[in-house]
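Structure first, then comments.
The values are calculated or read from the model by the stated rules, or taken from the named source; none is laboratory data. Worth saying up front: this structure is predicted, and the values here are computed from it rather than measured. Please note: Cβ atoms are built from the backbone with ideal geometry, for glycine as well, and neighbour counts cover all protein chains shown.
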Amino acid sequence: MWLIFAILSSVFAALTSILAKIGIEDVNSNLATAIRTAVVLVMSWIIVFFTNAHKGIGEIGQKSWIFLILSGLATGVSWLCYYKALQMGEASKVVPIDKLSVVITLVLAFVFLHEQFTLKSVLGCIMIGTGTLLMVL
C-alpha cells in the first residue's frame with residue numbers, strides 16, 4: 001500500500017510544481033507560499049477531524065512535538081525557497097534540483113537514522129545526481 005501512496009505523492013508533487021509555476025506569475029513568492037500553506041493547513045485539519053485522528057493529540061510526546069515542529073519549520077523554509085526558485089527559474093530546471101532532496105535524504109538517513117546504505121543506494125544517488133546535472137545544464 002505504501003507504494004501506491006508514494007506514486008500518488010509523486011504525481012501530486014508534479015502537479016504542484018506545474019500549478020504553482022502558473023499560479024505565481026505576478027504574485028510575490030512568499031505570499032504564494034502562505035496561500036498554499038493555508039490551503040494545506042485547512043485540508044489537513046479537515047482530514048484529521050474526518051478520520052477522528054484528533055483524539056490522539058493528547059498522546060503525542062514531547063520528543064515528537066519537538067521534531068514535528070522542526071519538520072514543519074524545515075518544510076516552511078523549503079517551500080519558501082522552492083517558490084522563489086520556481087518564480088525566478090524554469091520549472092524544468094528548478095524541480096530536478098529540488099528533487100536532489102532524495103540524495104540528501106538518503107545520506108541523512110544513513111548518518112542520523114543508521115539506515116542501510118547499500119551499493120544499490122550509492123549507485124542510485126550517483127545516477128540521480130548525474131541525471132539532475134544533465135537536466136539542468
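Pairs linking a residue in the range 15-33 that is more than 18 Å from Lys93 (Cβ to Cβ) to a residue that is part of a helix (DSSP H, G or I) and charged (D, E, K, R), with Cβ atoms under 8 Å and 6 or more positions apart or on different chains, are Asn30/Lys84.
Matching residues to (1) in the same structural domain as Asp26 (by TED's automatic domain parsing); (2) in contact with a helix residue (DSSP H, G or I) (Cβ under 8 Å, 6 or more places away or on another chain); (3) over 30 Å from Ala32 (Cα atoms):
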residue	(1), (2), (3)
Gly56	yes, no, yes
Ile66	yes, no, no
Ile69	yes, no, no
Ala85	yes, yes, no
Glu115	no, yes, yes
Ile126	no, no, yes
Met135	no, yes, no
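Go through the range 110-137 residue by residue and tally those that are among the hydroxyl-bearing types (Ser, Thr, Tyr) and either loosely packed, with under 13 Cβ neighbours inside 10 Å or touching a His at 6+ places or on another chain (Cβ under 7 Å) (or both).
2
Before we move on, is Phe12 under 21 Å from Ile128 (Cα atoms) and over 17 Å from the mean Cα position of the chain (by Cα)? When the stated conditions are applied, Phe12 does not pass them.
Scanning the range 92-109 finds one or more residues that are exposed (fewer than 12 other Cβ atoms within 10 Å of the Cβ), not assigned by TED's automatic domain parsing to the domain that holds Ala32 and not hydroxyl-bearing (Ser, Thr, Tyr).
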